[in-house]
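Colleague: Okay, handing you the structure first.
Any read-out appearing in this document is the output of simple, stated calculations on the displayed coordinates, not a laboratory observation. Everything numeric in this text was worked out from a predicted model, so none of it was measured. Cβ sites come from the backbone with ideal geometry, for glycine too, and all protein chains shown count toward neighbours.
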Amino acid sequence: MPYTDDLEFEAFIHQLPKTETHLHMEGACPFELLQAMDPKKYANPPAFWDDDFRYESFDQFMEWYAEYCSTFFTSAQRYHDGMKIVLGNCAAQGCRYVETSFHLPVLLGIEDSGPTLLDAVRSAAPEGLELRIFAGMCHDDYRDEGIDLIEESLTWDGLDGLDLHGPEYLPLEPWTADVWGRARQAGKFTKAHAGEFMGADFIDVVLDKLKVTRIEHGVRAIENPVTVQRLVDEKIALDVCPISNLKLAVKGVASMSAHPIRQLYDSGVIVTINSDDPFFFGNRLSEEYFALKQDLGFSKKELAQVACNGFQIALIDEIQRNAYESELNDYLTDFELN
Ligand SMILES: [Zn+2]
């Protein structure tokens, strides 16, 4: 990415204590593991890593998801191997806390159980990195053998929460609100993707029906000031992924300088920034921060607030939250913030 012209700023971001709360395991597949699996197919870096690359549609993105990454994740061990590198990279970029999801229906096609996969991923986290694991599922996954799997997942101790993902334009089926409610009763945290490929109306539907307090993306809230105000009033946080939005040509994101995160932030919406599917966007978390500075005029102080938002929404107790915030504040005392 072209966001590395200012070495002092780069160092500031690199060491800034931060979080990653929107990261799909399959979409984060490390390139070196794909190369080891199939040296011929992965001889060259993929074209979609180019800065100017834009996906034609979300359907194209989903097709490539199946073609590239799904072929790798065939066992709990593969998840462990992949996440060891991914989470190591997160820690190396100053992440203290990570929320990551896996696509739950993958378990229908592999031999390992959910709890085995969860243990495998958890044991991949480097020391000192706080990890929360989510099961992701699409709007239409609650059918056939998917029903038992989703129901079973609510009983897994090692699972921290559920996330609704996949094509947003598929109808929101009635099972979702019921499962999301029962998941919370079972002690799981719930969130949902919305406002990426559907407009502000869908964000309202998800908030009303699923009762989530975190929205993945949510950037198209900007299309309706009433929805934006609702996010502020109800303290709904958006886990935003600016480079992903740009490369997927999300409506309203024709360029990074047009990204609505500036307006959302200025309106008082709680936003975090995240990398989403780094394999498919060729991005690193720190580049999301660079982009906000260079193209959207975020100051160091504002970026520190964005990082702080991640700790404020993290699924941790108040003692740990205070410890992270103290660490962040101590770090910031070394810099002129304005
Ligand atoms: Zn996502």
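Colleague: Can you work out the Karplus-derived ³J(HN,Hα) for every residue in the stretch 78-84? Use 6.51 cos²θ - 1.76 cosθ + 1.60 with θ = phi - 60°, whole Hz, and x for glycine or proline.
Modeller: These are the phi-based 3J(HN,Hα) values: 5, 4, 4, 4, x, 6, 4 Hz.
Colleague: Something else now. Too long at a 18 Å Cα-Cα cut-off: which of 251/293; 18/301; 18/293; 251/300?
Modeller: Values: 251/293 21 Å; 18/301 14 Å; 18/293 16 Å; 251/300 28 Å.
In this structure, 251/293; 251/300 lie more than 18 Å apart at Cα.
Colleague: Can you spot the lysines whose alpha carbon is less than 20 Å from residue 209's alpha carbon? Ignore those fewer than 8 places along the same chain.
Modeller: Once the sequence-local lysines are set aside, what remains near residue 209 is 188, 191, 235.
Colleague: What ³J(HN,Hα) values, in whole Hz, does the Karplus curve 6.51 cos²θ - 1.76 cosθ + 1.60 give for the stretch 23-31 when θ = phi - 60°, with x put for Gly and Pro?
Modeller: Along the stretch 23-31, the couplings run 8, 8, 4, 5, x, 9, 3, x, 4 Hz.
Colleague: While we're looking at this one, here's another question. Please report 138, 69 as a ranked list, fewest other C-beta atoms within 10 angstrom at the top and most at the bottom.
Modeller: 138, 69
Colleague: Size of the stretch 114-159 along its principal axes in angstrom, Cα-based, largest extent first?
Modeller: Its Cα atoms span 39, 18, 13 Å along the three principal axes.
Colleague: Follow-up. Tell me, in nm to one decimal, what length is gained between residue 337 and residue 122 on full extension, where the rule is 0.36 nm per residue of separation less the Cα-Cα distance?
Modeller: On the way: separation 215, 0.36 × 215 = 77.40 nm, distance 3.61 nm.
Length difference between fully extended and current span is 73.8 nm.
Colleague: Using +1 on the beta carbon of Lys and Arg, -1 on that of Asp and Glu, and nothing else charged, what's the dipole of the chain about the Cα centre, debye to 20? Before the final figure, lay out each step's value.
Modeller: Details: 28 positive and 58 negative charges, 80 e Å.
Taking the Cα centre of the chain as origin, the dipole is about 380 debye.
Colleague: Taking other Cβ within 10 Å of each residue's Cβ, how do 154, 117 sort, fewest first? Mind dumping the intermediate values first?
Modeller: Working: 154 17, 117 28.
Lowest to highest Cβ neighbour count: 154, 117.
Colleague: In addition: Take every Cα pair under 8 Å in the chain that's 6+ residues apart, average their separations, divide by the length, and report that relative contact order as a whole percent.
Modeller: This gives 20 percent for the chain.
Colleague: Continuing with the same structure: Return the lysines within reach of residue 41: Cα separation strictly under 17 angstrom, same-chain partners fewer than 8 residues apart disregarded; answer none if there are no such residues.
Modeller: Cα-Cα hits under 17 Å: none found.
Colleague: How big is D, in µm² s⁻¹, for the stretch 176-249 by Stokes-Einstein at 4 °C and 1.567 mPa s if Rh is the Kirkwood radius over C-alpha pairs?
Modeller: 103 µm²/s
Colleague: Whole-Hz ³J(HN,Hα) for each residue in the stretch 259-265, computed from phi via Karplus 6.51 cos²θ - 1.76 cosθ + 1.60 with θ = phi - 60°, x for glycine and proline: what do you get?
Modeller: 4, x, 4, 4, 5, 5, 4
Colleague: Rg and Dmax of the stretch 87-217, Cα atoms, in Å?
Modeller: Reported Rg and Dmax, both Å: 15.0, 42.
Colleague: I've got another one for you. Could you line up 84, 209, 301 from fewest to most neighbouring Cβ atoms inside 10 Å?
Modeller: 301, 209, 84
Colleague: Compute from the Cα atoms of the chain the Rg and the Dmax, the latter being the longest Cα-Cα distance, and quote both in angstrom.
Modeller: 18.8, 58
Colleague: On to the next question. Once you've got the GNM for the chain with C-alpha springs shorter than 10 Å, pick whichever of 166, 282, 128 has the biggest mean-square fluctuation.
Modeller: 128
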